[in-house]
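Participant: Have a look at this one before I ask anything.
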Number of protein chains: 2
Amino acid sequence: MKTGDSKFCQCLYFTTAALARKVEKLAIESWNPVGLSPSHAYLLITVLEEPGVQPTHLGEHLQLKPSTITRLIQKLEEKKLVVRTTEGRITNVYPTPRAKELQPKIMDCMKHFYEQYSGALGKEESVKLVQSLTKVADKLEG
Amino acid sequence: MKTGDSKFCQCLYFTTAALARKVEKLAIESWNPVGLSPSHAYLLITVLEEPGVQPTHLGEHLQLKPSTITRLIQKLEEKKLVVRTTEGRITNVYPTPRAKELQPKIMDCMKHFYEQYSGALGKEESVKLVQSLTKVADKLEG
DNA sequence: TAGGTTTGTTTGTATATACAAATATTTAGA
DNA sequence: TCTAAATATTTGTATATACAAACAAACCTA
């Protein structure tokens, strides 16, 4: 059944949740080739771009809670894609050589994902949608 | 940090996920007075409106997988808000008297939730947004 | 400089959701 | 009629995320 056929299609909770699940499914498929979930991929991209970045900063950028960031890092550490160094109360996260090798493939996945949805929605529409979602999210900010 | 400040604010996965989390948080607060999560509330509303509705049908309307529906029903059963009857391979879900008593309060929560977000976004904007999200979700339909 | 507060991170636990497989029932085909 | 396929539901397990509390370090302030 399509979202528009549901009795609840006029409720924001329902529509955002349903859309997010569909988009996540697309994203998961796109990042499958590198064996990462979308969240892990985004975190890793950030670490590759800002080696030594701290969990707090990652949380702000990815808009995820600190505990979630810890869990994501732990998994990437298991996969030997990042390493953590702790000095005092702060932690720095660095990409491993293995992560750097993987970077081009990760970017291909990102591109593939983008092409997937912009193909379905139209390029201009996609850009507008994303802008609109961002604006809405910021308006809902506590 | 606002969604618009993130490096990934131009990616659909990131924006839909972030928005859905924010909206869910608002929704959870709104339904707190009746002690239900938004999903449980929506399922219960459907059962109240269509007594005897089957899990498959619930899954289609709520756009959730059958296993998820089972789990939601189980919890509502624990709370004595629905009962299941099984005949052959089909199951019917009925609201209890307790659920019927709760219905007005549930509707109040729904209204409160709507007022929350339409207050933040503007009434017209909200309606347009929801319509737009619904259309997008349907375009992404496999 | 000692003690309380703030900051950064992690751990224990809980929730929502889904996938895959199991189960049970009904239907259809030979 | 017996078996194979389809349908409806549930169960076992896995994932992502968050909250609350624990912990540890750094910073104030009296």
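Participant: Which values, in whole Å and largest first, are the semi-axes of the equivalent ellipsoid of the protein assembly as shown obtained as the square root of 5 times each eigenvalue of the Cα gyration tensor? Intermediate results must be reported in sequence, preceding the final value.
Facilitator: Working: eigenvalues 270, 87, 77 Å².
After diagonalising the Cα gyration tensor, the semi-axes are 37, 21, 20 Å.
Participant: Still on this model: List the aspartates and glutamates whose Cα lies under 14 Å from the Cα of A:LYS111, skipping any in the same chain that are fewer than 8 positions away.
Facilitator: Once the sequence-local aspartates and glutamates are set aside, what remains near A:LYS111 is A:GLU29.
Participant: Take the cross-link list A:LYS2/B:LYS25; A:LYS139/B:LYS135; A:LYS65/A:LYS139; A:LYS79/A:LYS128; A:LYS80/A:LYS123; B:LYS80/B:LYS135 and give me the ones stretching past 27 Å between alpha-carbons. Don't jump to the answer; show the numbers that get you there.
Facilitator: Details: A:LYS2/B:LYS25 24 Å; A:LYS139/B:LYS135 22 Å; A:LYS65/A:LYS139 20 Å; A:LYS79/A:LYS128 36 Å; A:LYS80/A:LYS123 36 Å; B:LYS80/B:LYS135 36 Å.
Violating the 27 Å limit, Cα to Cα: A:LYS79/A:LYS128; A:LYS80/A:LYS123; B:LYS80/B:LYS135.
Participant: So, one more: Which number do you get for Rg(Cα) / (2.2 N^0.38 Å) in segment A:21-140?
Facilitator: Numbers: Rg = 15.4 Å, N = 120, 2.2 N^0.38 = 13.6 Å.
Segment A:21-140 yields a ratio of 1.14.
Participant: Considering only C-alpha atoms, what is the centroid distance from segment A:121-142 to segment A:83-118, in Å?
Facilitator: Using only Cα atoms, the two centres lie 25 Å from each other.
Participant: Still on this model: Can you give the calculated 222 nm mean residue ellipticity of the protein assembly as shown, where each DSSP H run of n ≥ 4 adds -39,500 (n - 2.57) and the sum is split over every residue, rounded to the nearest 500 deg cm²/dmol?
Facilitator: On the way: 12 runs with 192 residues, N = 284.
Using -39500 (n - 2.57) per qualifying helix, the result is -22500 deg cm²/dmol.
Participant: Can I ask one more? How big, in percent, is the set of alpha carbon pairs in segment A:3-80 lying more than 19 Å apart? Could you put the intermediate results ahead of the total?
Facilitator: Working: 1442 of 3003 pairs.
Looking at segment A:3-80, the distances longer than 19 Å represent 48 percent of pairs.
Since every read-out is calculated from the coordinates, none of them should be taken as a lab result. Predicted, not measured: the structure shown is a model, and the values here were computed from it.
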